[in-house]
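Rule-based calculations on the coordinates, nothing more; no lab input. These figures come from a predicted structure and were not determined experimentally. Cβ coordinates were reconstructed from backbone atoms using ideal geometry, including for glycine residues, and neighbour counts include every protein chain displayed.
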Amino acid sequence: GVKEGATLVLDGRNPVLPDELKGGYFVGPTIFDNVTEEMTIGRDEVFGPVLCVKRVKDFNEGLKVMNANPYANGSVIFTQNGHYAREFTRHTDGGMVGVNVGIPVPVGFFPFAGHKDSFFGDLHCLGKDAYRFFTESKCVTTRWFDEEEMKKKEVSTWDGTI
């Protein structure tokens, strides 16, 4: 990424580890900023604790850039705007979708695969998707917060009744 012009914000190549872990193999979290589609890390599917930030002017351009990629394992949006959350879940090509949460870890009741070139094989291997040969499904996870409650230092869950 750096060789192609991306800005390395957080370098995970040499993580500091406790002595008991020094014999293992670890990759620290890495963040690249100013990534473009012309860069290898902007085109290819990258796994691990790596975040590649592509700067866009608005929501529609972001959705267009994201969906133009041949991979569609998962996609995430962080927003307090219900309109953008709904539009994102409807129009993303991602197979696993998160709203205000990272991509949900695939478990038995989620389809275990992305879409487009992120998927390999004839069938998704878990859950109902084993029967859905000609369809694609989305799993959408959302989380919302009351804006007024977020401003408080402490949130009470007691409603005053017994």
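Checking the Cα-Cα distances for LYS57/LYS116; LYS57/LYS138; LYS22/LYS54; LYS54/LYS151; LYS54/LYS152; LYS3/LYS64 against a 28 Å cut-off, the pairs over it are LYS22/LYS54; LYS54/LYS151; LYS54/LYS152. For the peptides 29-41, 56-68, the ranking by packing is 29-41, 56-68, with the highest mean count of neighbouring Cβ atoms within 10 Å listed first.
Can you tell me the length gained on complete extension of the stretch ARG143 to LEU10, counting 0.36 nm per residue apart and subtracting the Cα distance? Please list the in-between numbers first.
Numbers: separation 133, 0.36 × 133 = 47.88 nm, distance 2.74 nm.
Roughly 45.1 nm would be gained on extension.
Residues in region 19-24 carry Karplus couplings, in order, of 3, 5, 10, 5, x, x Hz; the curve used is 6.51 cos²θ - 1.76 cosθ + 1.60 with θ = phi - 60°, and Gly or Pro positions show x.
Length gained on full extension, HIS91 to ASP58: 10.4 nm, using 0.36 nm per residue less the C-alpha separation. Taking amide H positions as modeled 1.01 Å from N, with prolines and chain starts lacking one, the residues under 5 Å from GLY74 and 5 or more places away or on another chain are GLY95, MET96. Taken one residue at a time, the phi angles of region 60-75 give Karplus couplings (6.51, -1.76, 1.60, θ = phi - 60°) of 4, 5, x, 5, 5, 4, 4, 6, 6, 6, x, 9, 8, 4, x, 8 Hz. Gly and Pro are set to x. In vacuo Debye scattering of region 1-55, one point per C-alpha: log10 I(q)/I(0) at q = 0.20 Å⁻¹? Rounded to two decimals, the profile gives -0.70.
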